[in-house]
Protein chains: 2
Amino acid sequence: MKPGSEQISQKLKNAGMKVTPQRHAILEALYTLNNHPTVENIAEYIRKTHPGVATGTVYHVLDTLVQNGLVQRVKTDKDVMRYDATLENHHHIYSARTERIEDYFDNELDDLLLSYFQKKKLPNFDIDKITLQINGAFVDDSK
Amino acid sequence: MKPGSEQISQKLKNAGMKVTPQRHAILEALYTLNNHPTVENIAEYIRKTHPGVATGTVYHVLDTLVQNGLVQRVKTDKDVMRYDATLENHHHIYSARTERIEDYFDNELDDLLLSYFQKKKLPNFDIDKITLQINGAFVDDSK
DNA sequence: CTCACTGCAAAGGTTTTGCAGTGGG
DNA sequence: CCCACTGCAAAACCTTTGCAGTGAG
């Protein structure tokens with residue numbers, strides 16, 4: 001669930017980052033807008049409370065967050081980057097018709113995959129993480 | 001394996017597309033450069049034999065190929081689009097350190113996933129296709 | 001022949017970069 | 001106080017678009 005203001009500051013500190021208002025706001029935005037927001041989504045959201053944050057700063061802060069492991073980029077086949085602050089192991093459900101991307105948590109599946117790839121090693125490759133792209137259609141997505 | 005020239009023409013015809021030299025060359029490039037090339041990779045490759053093909057044409061042809069189901073876009077967390085002409089069910093192995101993306105075929109895994117999601121339905125979602133993102137490091141990738 | 005496709009170039013949108021000024025530790 | 005961070009704006013990229021000319025069926 002969504003961390004409070006203190007916890008957000010703590011996360012930044014733990015990652016060895018200075019706690020600036022911009023970083024705090026951007027990380028909070030990521031926890032609030034939990035549907036894999038774009039830079040534009042984030043900029044728009046934080047300007048409600050922090051007007052005057054430059055778009056370049058949002059890009060820069062997100063880069064830093066990614067490098068410090070607090071945020072991940074989401075793989076898509078579109079040309080706009082999307083970000084995800086959920087660090088626990090999870091998968092992504094992609095709508096074929098809209099830009100919607102939902103998280104999917106499933107420990108049973110994770111165990112299944114883990115044991116599968118423990119016995120079936122890939123030659124020449126060390127697996128770090130496996131994420132499912134579940135593609136299809138949400139039944140309530142109109143267009 | 002890689003289709004011959006005739007088979008490439010036939011694939012275009014089957015998809016209801018006119019067979020132009022550009023389309024033929026681009027589709028052939030995709031089968032030859034089988035490591036999920038970018039538009040630049042493709043343009044560079046086909047200009048060896050077909051100089052003067054405009055970059056805009058490559059984009060346009062790739063779009064058409066995607067729409068007619070002969071080619072798929074590959075999901076990445078980079079801002080350069082990559083393409084894949086392999087239509088059989090397969091997964092992708094992503095290098096954490098380089099731009100390398102390899103195909104991974106595994107029928108046993110596909111069956112496992114199929115049966116798993118047959119019993120474990122996702123509410124509100126019709127699954128079309130599931131692709132694994134296998135992230136990690138190739139042991140022989142230097143950088 | 002005709003209409004879809006291509007070439008070319010300009011425009012659009014996203015992301016990166018550079019530099020001066022500011023503020024968190 | 002100092003260095004990292006931010007704001008601003010320009011630049012760099014990738015991709016899309018518009019239009020006139022060409023060629024596949």
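No lab work stands behind these numbers, since they all come straight from the coordinates. Remember, predicted model here, so these are calculated numbers, not experimental data. When we count neighbours, we look across all protein chains shown, and the Cβ atoms used for this are built from the backbone with ideal geometry, even at glycine.
Key figures
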| read-out | value |
| --- | --- |
| For the B-to-A rotation axis, chain B residue with nearest beta carbon and its distance in angstrom | B:LYS75, 2 |
| Gain in span if fully extended, A:VAL19 to A:THR86, counting 0.36 nm per residue against the direct Cα distance | 22.2 nm |
| Distance from the range A:51-123 to the range B:48-123 (C-alpha centre basis), Å | 18 Å |
| Copies compared at B:PRO123 - label distances in nm, ascending, label defined 7 Å from Cα in the Cβ direction | 4.6 |
| 0 to 90° range, to nearest 10: angle between helix B:5-14 axis and chain B longest Cα axis | 70 degrees |
| Using a Förster distance of 41 Å, the FRET efficiency for A:LYS48-B:HIS60 (Cβ separation, nearest 0.05) | 0.55 |
| Backbone HN-Hα couplings from phi across the range A:24-35 [Karplus 6.51/-1.76/1.60, Hz, Gly and Pro as x] | 4, 5, 5, 5, 5, 4, 5, 6, 7, 7, 7, 10 |
| Overall form of chain A per C-alpha gyration tensor (a/c, 1.5; a/b vs b/c) | oblate |
| Exposure proxy ranking, count of Cβ atoms within 10 Å, fewest first, for B:TYR94, A:TYR45 | A:TYR45, B:TYR94 |
| Estimated D of the protein assembly as shown in µm² per second, where Rh is the Kirkwood radius over Cα pairs and Stokes-Einstein applies at 20 °C, 1.002 mPa s | 101 µm²/s |
| Label point at A:GLU40 placed 7 Å out along Cα→Cβ; residues across the range A:70-86 whose backbone nitrogen lies under 18 Å | A:74, A:76-84 |
| Angle in degrees between helix A:107-119 and the longest Cα principal axis of chain A, rounded to the nearest 10 | 60 degrees |
| Ascending count of other beta-carbon atoms within 10 Å, so fewest first, for B:THR49, A:THR64 | B:THR49, A:THR64 |
| For A:ARG100, inter-copy label distances in nm, listed shortest first [label point 7 Å out on the Cα-Cβ vector] | 3.9 |
